Amino acid sequence: MSSSDAVSPAPTFPEVKKIGFTAPWRWLARGWADLWVQPRVSLFYGLVVALAGGLILVTTAHLPYLFNAAITGFMLVAPVLASGLYELSRRYLHETPTAESVTLAASLAAWRRNPSGLAGFALLALLAGTAWQVISVVLLALLYQGNAMSPLAMIGEILRHPQYMPLFLVYVGAGGMLTALVFAASVVSLPMLVDRRCSFLCGLVTSFSAVAENPLPLAFWALVIMLLTGLGFASGLLGFVVILPWLGHASFHAYRDLVADPAR
């Protein structure tokens, strides 16, 4: 048989490990420790996200449709911005931290290890954000037919009229489903793409496999992320200065617990 007739080997994916329900507490503890190894570098990412979020809120607060798109984009881009935090945790794990290894420039260069994989995830986030914006515009148009309002005023108007409630629940359900899919796609793939030279497809499949293998622990982890994110918004975005880098570092340790080391 000629070499052209040979069957290409099937792609291999890393082994996904089973974890306990309380594992997210361990990830938070490790992430908190990483945050304070070089706090000025880690907190820089949180400050950037807090400032960007504040700018989005100020400029779109009275524009319901644009506000929704901006917040969606903000939530999808934040994990990608955390790539530098994954790089810092990777360095802390594999080497003794030094002034040279934990610079801001070193963390910002994380994309160089796997540019195609990270670009693939960025494209996925863009598609997810676009899809949600289209769904959101259609559902909001069905929910409310009056003049444009600020988002909070519009929600109050919808809740005051029971006839809007079924479509409102559909809106919340659709957003929840998309959020769950994005979480399942990113919980392992993003830190994995920073840590290893693997393809975007490999990271994506491994991430979904990790969720399928550990549905309850990762549902708990998603709840923790949601609560801390809510705390960040409730604090007027100031909480994100600490919360984002904390979750970013913790997410790297989640990936390390969920995916077997290729060296073993």
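The values are calculated or read from the model by the stated rules, or taken from the named source; none is laboratory data. Note that the structure is predicted; figures quoted are calculated from it, not measured. Reconstructed Cβ throughout: ideal geometry from the backbone, glycine too, with neighbour counts over all protein chains shown.
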State which residue is modelled with the highest pLDDT when the search covers only region 82-120 and only residues that are within 25 Å of THR179 (Cα to Cα), surrounded by 15 or more Cβ atoms within 10 Å (Cβ to Cβ) and aliphatic (A, V, I, L, M). LEU85
Which condition breaks for TYR171 when tested against (1) surrounded by fewer than 19 Cβ atoms within 10 Å (Cβ to Cβ); (2) modelled with pLDDT under 90; (3) in a helix (DSSP H, G or I)? (1)
Are there any pairs with C-beta distances below 6 angstrom linking a residue in region 216-238 that is touching a residue at least 12 places away in the same chain (Cβ under 8 Å) to a residue that is part of a helix (DSSP H, G or I) and β-branched (Val, Ile, Thr), with the two at least 6 apart or on different chains, and if so which? LEU218/VAL211; LEU228/ILE243; GLY232/ILE243
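Restricting attention to region 10-34, and to residues there that are in contact with a Leu (Cβ under 8 Å, 6 or more places away or on another chain) and of a type outside the set (Gly, Ala, Ser), which single residue is modelled with the lowest pLDDT? Spell out the reasoning first.
Taking region 10-34 as the starting set, the residues that turn out to be in contact with a Leu (Cβ under 8 Å, 6 or more places away or on another chain) are 11, 16-17, 19, 21, 31, 34.
This time we only want the ones that are of a type outside the set (Gly, Ala, Ser), so: 11, 16-17, 19, 21, 34.
Working: PRO11: 52, VAL16: 95, LYS17: 95, ILE19: 96, PHE21: 96, ASP34: 94.
Out of the qualifying residues, it is PRO11.
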Those residues of region 126-141 which are in contact (Cβ under 8 Å) with a residue 60 or more places away in the chain and closer than 16 Å to LEU81 by Cβ, in sequence order: GLY129
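Given PHE200, PHE208, which one is modelled with pLDDT of 95 or more and either more than 23 Å from LEU47 (Cβ to Cβ) or not aliphatic (A, V, I, L, M) (or both)?
On the way: PHE200 fails: modelled with pLDDT of 95 or more.
Step by step, each of PHE200, PHE208 is checked, and only PHE208 is modelled with pLDDT of 95 or more and either more than 23 Å from LEU47 (Cβ to Cβ) or not aliphatic (A, V, I, L, M) (or both).
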Boolean, VAL211 is touching a residue at least 60 places away in the same chain (Cβ under 8 Å) and either over 21 Å from LEU88 (Cβ atoms) or β-branched (Val, Ile, Thr) (or both): no
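Determine whether region 206-216 contains at least one residue that is aromatic (Phe, Trp, Tyr) and farther than 27 Å from ALA106 by Cβ. Let's see the steps before the verdict.
Initial filter on region 206-216 (aromatic (Phe, Trp, Tyr)): 208.
Going one step further and asking which of them are farther than 27 Å from ALA106 by Cβ, we end up with 208.
Checked against the condition, which is being aromatic (Phe, Trp, Tyr) and farther than 27 Å from ALA106 by Cβ, region 206-216 yields at least one hit.
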Flagged in region 190-205 as of a type in the set (S, T, N, Q) and within 14 Å of ALA110 (Cβ to Cβ), in numbering order, are none
